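Okay, structure first, notes after.
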């Protein structure tokens, strides 16, 4: 008997040691499912195929648990492949993405890039430099204007 099942697989439950006409199945989503066994078509195994949800399925015969089977997701669904930047841009074009995205290299400082994307570049240094230059220009113009006014008198 297999011990590794994937979602959607059929599970065979051994009913040889049971003597009931109904099997209760507790599904991973905590819902109950009941299967009535036909006495005329009594088999030693129950083929259960409603396993589309991953998780633990518990099979009961009356109050006794006869089987506990884990259903897993298909591992091939978890294989991720990285897209290169052009594929990602094509995808954004396909979904008509109107926002702005920032590509971050592996070598760059991620925190700095995120802060820069959120708040922009730190412009205070440039504004301080411009303010100092404007102050120097203003002082030069004011000094020249003062000399011109003194020359008129």
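Derivation of every value follows stated rules applied to the coordinates shown; laboratory data play no part. All values reported here derive from a predicted model rather than from experimental measurement. Neighbour counts are summed over all protein chains in view; Cβ atoms, including those assigned to glycine, are modelled from backbone coordinates with ideal geometry.
For this structure, a couple of remarks:
- For the stretch 41-136, averaging the sequence separation of C-alpha pairs within contact (under 8 Å, six or more residues apart) and dividing by the residue count gives a relative contact order of 12 percent.
- Counted residue by residue at 0.36 nm each, then reduced by the alpha carbon distance between them, the extension gain from residue 80 to residue 140 reaches 15.2 nm.
- Efficiency of FRET from Cβ geometry, residue 107 and residue 31, R₀ 41 Å, rounded to 0.05: 0.25
- Residue-span extension gain [residue 100 to residue 132] - 0.36 nm each, minus C-alpha spacing: 8.1 nm
- Once the Cα-Cα distance is subtracted from the 0.36 nm per residue extended length, the residue 47 to residue 17 segment shows a gain of 9.2 nm.
- The calculated FRET efficiency for residue 147 paired with residue 117, based on their beta-carbon distance and R0 = 41 Å, is about 0.20.
- Helix 85-94 and the longest principal axis of the C-alpha atoms of the chain enclose an angle of approximately 80°.
- Cα long-axis angle, helix 110-119 against the chain (0 to 90 degrees, to the nearest 10): 70
- The calculated Kirkwood hydrodynamic radius for the chain is 23.5 Å, given to one decimal from all distinct C-alpha pairs.
- Highest to lowest packing among 90-99, 64-73, scored as the average C-beta count within 10 Å: 64-73, 90-99
- Remark: spin-label model distance residue 93-residue 6 equals 3.5 nm, labels positioned 7 Å along the Cα→Cβ axis.
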